[in-house]
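All remarks here apply to the structure that follows.
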Amino acid sequence: MWTNEKINELKEKYFYYLEHKEEAEIYFKLKWNSIRKKASYMKITSIKINKKCTRFLGEHVAERVLSHVFKDVERMSNENIGYDFVCNKGFKIDVKASCLNLHKNNYEFSIKCNKIADYFLLIGFDNRVDLNPQHIWLIKGNLIDEVKRLAITNNEQYLLQMADYELTDKLKDVINCCDVLKTKPF
C-alpha cells in the first residue's frame, strides 16, 4: 500500500535507492521491480541525471531543446508511439538524437522502420559530456522509414549529400538552447 509518507520518501530518495535497492525493499516492503514501476508511473526516473541512458539524450535533452526551438509544436507524452511532436501544420515528427561515434566517425539514429512519423528530426551531438549540437537534419519520413538504423558519416563528402536536409538556420538556436540548459542543473 502506497501511503503519502511512502510516496514522499520515494520522491525524495529515489536516486539514493537506485544504489541501495535492498534498503528500499526493506523500507517499502516490496520487491525492487514494484518500487521502480511506481517511480516510473510517478515520472521519477534516472534519465534526468544519467547521461549514459539513451533516453537522457533523446527525451531529456533533444526533445526538450527542440520543443523550445520550434514554435507552435505540440509535444506528445514520452509513452506516445511513433512520434514526439505535432507541428502547427499537423505533421507528426519523431525526434532522434545521436552522439558522434569516434570509432566509426558517424552519427547513428535508431529509426526502427517507423512508418508513423511524417518527418524525422535528427540532431547530432559531439559527445554525452559536453552535449554540443553539431548538426540538425529534417528528413521526410517516407525516405527513411524502411531502415532500422540510419548512419550519417561525419565527413565532408557525405555531409554535403545531407545538406538539403540540414537546418543550418535552426542549429544556432539549438546551440543557444543547449548552452542555457548547461547553466541549469538537469
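The values are calculated or read from the model by the stated rules, or taken from the named source; none is laboratory data. Note that the structure is predicted; figures quoted are calculated from it, not measured. Ideal geometry is used to build each Cβ from the backbone, glycine not excepted, and the neighbour counts take in all protein chains shown.
Name the residues in the stretch 64-86 that are in contact with a strand residue (DSSP E or B) (Cβ under 6 Å, 6 or more places away or on another chain) and surrounded by fewer than 17 Cβ atoms within 10 Å (Cβ to Cβ), would you?
Passing the criteria: Ser67, Glu74, Arg75.
Hey, any hits in the stretch 8-25 for a residue that's more than 15 Å from the chain's Cα centre (by Cα), among the hydrophobic types (A, V, I, L, M, F, W, C) and either at pLDDT below 85 or assigned by TED's automatic domain parsing to the domain that holds Ile144 (or both)? Write out each step before concluding.
Our first condition is that a residue be more than 15 Å from the chain's Cα centre (by Cα); within the stretch 8-25, this holds for 8-25.
Narrowing further to those that are among the hydrophobic types (A, V, I, L, M, F, W, C): 10, 15, 18, 24.
From what is left, the residues that are either at pLDDT below 85 or assigned by TED's automatic domain parsing to the domain that holds Ile144 (or both) are 15, 18.
Yes - at least one qualifying residue is present in the stretch 8-25.
Would you say Ile47 is under 29 Å from Asp84 (Cα atoms), buried (at least 16 other Cβ atoms within 10 Å of the Cβ) and either among the basic types (Lys, Arg) or modelled with pLDDT under 85 (or both)? Yes; evaluated as a whole, the condition is true for this residue. Taking residues in the stretch 118-133 that are closer than 16 Å to Asn105 by Cβ, and partners anywhere that are among the polar types (S, T, N, Q) and assigned to a loop (DSSP other than H, G, I, E, B), the pairs with Cβ atoms closer than 7 Å and at least 6 places apart or on different chains are Phe125/Asn132; Asp126/Asn132.
Sort out which residues of the stretch 65-102 are part of a loop (DSSP other than H, G, I, E, B) and touching a residue at least 40 places away in the same chain (Cβ under 8 Å), and write them in order of number.
Within the stretch 65-102, the subset part of a loop (DSSP other than H, G, I, E, B) is 70-73, 76-84, 87-91, 100, 102.
Across the stretch 65-102, the qualifying residues are Phe70, Leu100.
From the list Leu143, Leu167, pick out the single residue that is among the aliphatic types (A, V, I, L, M) and buried (at least 17 other Cβ atoms within 10 Å of the Cβ). Before the answer, list the steps.
Details: Leu143 fails: buried (at least 17 other Cβ atoms within 10 Å of the Cβ).
None of the others qualify; the one that does is Leu167.
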